[in-house]
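Worksheet: one structure, shown below.
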Amino acid sequence: MAELVYPPVVLAAKTMFRVLDNKLRVEGIEHIPATGGAVIACNHVSYLDFIFCGLGAQPAKRLVRFMAKQEIFANRIAGPLMRGMHHIPVDRAAGKASYDEAVRRLRAGEVVGVFPEATISRSFTVKGLKSGAVRMAAEAGVPVVPMALWGTQRLWTKGRPRTLTKRHVPISILTGEPLYPGSDEDPEVLTKDLRVRMSALLDTVQAEYPEQPAGDEERWWLPAHLGGTAPTPEAAAELDARGK
């Protein structure tokens, strides 16, 4: 596929974050395969996570094709960019077509990015995961590479105003060791293993994050178990169920 759109978008993103002095700390790149298909399974704390997950694979010189809801592709501004970057639209009413397309891309040697929590985690912990990531990896015969992001929620997350031009926000991106799902293994068991791995990565980037909230009003971006005012996982699940 011709890459006429993706490289300029990556350059624009890197330039913007450089201007804003949003220091990216990218670690674990050695775990992203230099060639061949792979699924990157990333936690989800921000509306901007697809950007940073993609940037996390850049040092490995891999372009990540994200599975994203169909509505984004229908947007008059985002749609042409999403199609130009060859991302994969997901129609939640007919998900098999997008799943099959992702498997086809993986078998063709591409990297597919997914957020197996499906929606943003308001608690800033790793929610229960959907099994699609490990199932498509097993079907395509490729690894699942876990990734954790932290700091992105400070720019734009659910229930908070956008602060896209906020300067000097550190962003941490940590990639872990690949998981190799076998076609004869239970996808639910593998998915639980993936969640454990993603949670461990998230614990690491949270513990090593170079900043703490400046005061009580800033504690919203920390999870409750670290002394923040984000909802507990139970409270967050209730908010999600109520559609708030």
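Listed by first and then second residue, the pairs linking a residue in the range 201-215 that is under 22 Å from Ile40 (Cα atoms) to a residue that is of a type outside the set (Gly, Ala, Ser) and open to solvent by 20 Å² or more (accessible area, probe 1.4 Å), with Cβ atoms under 7 Å apart and 6 or more places separating them unless they lie on different chains, are Leu201/Leu174; Thr204/Leu174; Val205/Leu174; Gln206/Leu226. Against the definition (open to solvent by less than 20 Å² (accessible area, probe 1.4 Å) and either at pLDDT 95 or above or over 16 Å from the mean Cα position of the chain (by Cα) (or both)), how does Gly243 come out, yes or no? Answer is no for this residue. For the range 224-236, a tally of residues being under 17 Å from Arg160 (Cα atoms) and either in contact (Cβ under 8 Å) with a residue 60 or more places away in the chain or in contact with a His (Cβ under 8 Å, 6 or more places away or on another chain) (or both) returns 7. Exactly one residue out of Gly79, Gly109 is open to solvent by less than 30 Å² (accessible area, probe 1.4 Å) and in contact with a Ser or Thr (Cβ under 9 Å, 6 or more places away or on another chain), and it is Gly109. Here Ala41, Ala57, Ala68 are screened, and the one residue that is aliphatic (A, V, I, L, M) and modelled with pLDDT under 95 is Ala68.
Among the residues of the range 127-154, just one is open to solvent by less than 10 Å² (accessible area, probe 1.4 Å) and out of contact with any strand residue (DSSP E or B) (no Cβ under 7 Å at 6 or more places or on another chain), namely Gln153.
Checked against (1) surrounded by 13 or more Cβ atoms within 10 Å (Cβ to Cβ); (2) free of Cβ contacts under 8 Å to residues at least 12 places away in the same chain, His86 passes all but condition (2).
The values are calculated or read from the model by the stated rules, or taken from the named source; none is laboratory data. No experiment lies behind these values; they were computed from the predicted model shown. Neighbour counts run over all protein chains shown; Cβ positions are idealised from the backbone, glycine included. Keep in mind that these areas ignore ligands, DNA and RNA; they rest on the heavy atoms of the full protein, side chains included. Shrake-Rupley method; radii C 1.70, N 1.55, O 1.52, S 1.80 Å.
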